[in-house]
Amino acid sequence: MPLSDAKPRADDIADAIRARICLQPVTDQTMLLEGTLAAEFGVSRTPVRQALQRLAYEGLIEVRTGVGSFANALDPAARGLHLAVHCGLLRLVGALPDAPVPRDIGRGLEGLSRQAQHPDPMDAAAVFELFSELNANLSRLIPDPVIADAHLISGWRVLRWFLADLRQGGSDTPQTVVSLCRLGTADTGNGRAALFAAAAALFDPSRLAPAG
């Protein structure tokens with residue numbers, strides 16, 4: 001993920017490292033050293049440390065005191081469980097008392113829907129960008145902060161599986177992501193409940209078999 005010419009903040013660094021982790025094979029366990037990252041991004045260790053703390057909270061890395069930080073590998077046997085958990089979280093939010101989708105989030109979802117209309121085949125980087133924005137917008141709609149964080153973190157795991165499927169070929173991951181993004185303008189009403197119920201239907205593990 002490109003950074004601007006301005007000195008990157010902790011959030012910018014976290015975004016860049018998150019993209020790298022999601023775009024690499026799920027079984028890789030890359031080592032992340034504060035000093036190396038600080039030199040790469042041209043910053044002190046403080047924003048790098050803050051970025052790594054955020055990624056550890058999101059479950060993407062493990063911080064080992066005195067050793068360094070490592071991208072968490074995912075067990076292929078857990079793929080179905082991770083999809084089922086995310087689907088369950090979406091269903092849970094869909095069952096909460098309904099509320100209108102705020103205008104700013106609605107505009108963000110509509111923008112994603114327009115991006116998803118692009119006719120060119122989507123590569124891994126495009127899938128990452130679309131899903132990341134969708135994941136963040138949906139998490140902002142969840143009124144309970146615990147469930148919101150669980151949804152956000154679970155979304156990163158699902159995205160890593162989607163991108164792994166895409167690398168193996170024969171995956172319908174791009175179409176699934178496009179369908180998810182189009183929910184922002186689909187006939188799901190103006191409420192949160194219908195939006196999350198529709199998203200849960202797309203995440204049903206029975207329709208998301210691994211590629212190959």
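Within the range 60-77, the set of residues being charged (D, E, K, R) and modelled with pLDDT under 90 comprises Arg64 only. Among the residues of the range 43-69, those identified as in contact with an Asp or Glu (Cβ under 9 Å, 6 or more places away or on another chain) and open to solvent by 70 Å² or more (accessible area, probe 1.4 Å) are Arg45, Arg49, Gln50, Arg54, Tyr57. Remark: pairs (first residue in the range 77-89, closer than 15 Å to Leu202 by Cβ; second residue in a helix (DSSP H, G or I) and open to solvent by 50 Å² or more (accessible area, probe 1.4 Å); Cβ separation under 8 Å; 6+ apart in sequence or on different chains) = His86/Arg157. Considering the range 83-94, and only residues there that are open to solvent by 20 Å² or more (accessible area, probe 1.4 Å) and not small (Gly, Ala, Ser), the residue that is nearest to Ala136 (Cα to Cα) turns out to be Leu89.
Would you confirm, using the coordinates I've provided, whether Arg167 is among the basic types (Lys, Arg), open to solvent by 30 Å² or more (accessible area, probe 1.4 Å) and out of contact with any Lys or Arg (no Cβ under 7 Å at 6 or more places or on another chain)? Judged against the criteria, Arg167 is a match.
Considering the range 112-212, the qualifying helices (runs of 4 or more DSSP H), each wholly inside and each with 3 or more residues that are at pLDDT 85 or above and on the phi < 0 side of the Ramachandran plot, run over 124-140, 145-168, 192-202.
Pairing each residue of the range 99-116 that is within 19 Å of Leu180 (Cβ to Cβ) with any residue that is open to solvent by 30 Å² or more (accessible area, probe 1.4 Å) and at pLDDT 85 or above, provided the two are 6+ apart or on different chains, yields C-beta distances under 8 Å for Ile105/Arg140; Gly108/Glu133; Leu109/Val101; Leu112/Glu133. For the range 132-151, the set of residues classified as under 19 Å from Ala193 (Cβ atoms), free of Cβ contacts under 8 Å to residues at least 24 places away in the same chain and either in contact with a Lys or Arg (Cβ under 8 Å, 6 or more places away or on another chain) or among the hydrophobic types (A, V, I, L, M, F, W, C) (or both) consists of Val146, Ala148, listed by residue number. Against the numbered list (1) assigned to a loop (DSSP other than H, G, I, E, B); (2) open to solvent by 90 Å² or more (accessible area, probe 1.4 Å); (3) more than 23 Å from Asp204 (Cβ to Cβ), Asp98 comes up short only at (3). Of the residues in the range 60-77, at least one is assigned to a helix (DSSP H, G or I), more than 22 Å from Arg18 (Cβ to Cβ) and out of contact with any Leu (no Cβ under 8 Å at 6 or more places or on another chain).
The values are calculated or read from the model by the stated rules, or taken from the named source; none is laboratory data. Everything numeric here is computed off the predicted structure, so don't read it as measured data. Glycine also receives a Cβ, built like all others from the backbone with ideal geometry; neighbour counts cover every protein chain displayed. SASA here: full protein model, heavy atoms, side chains in, ligands and nucleic acids out. Shrake-Rupley method; radii C 1.70, N 1.55, O 1.52, S 1.80 Å.
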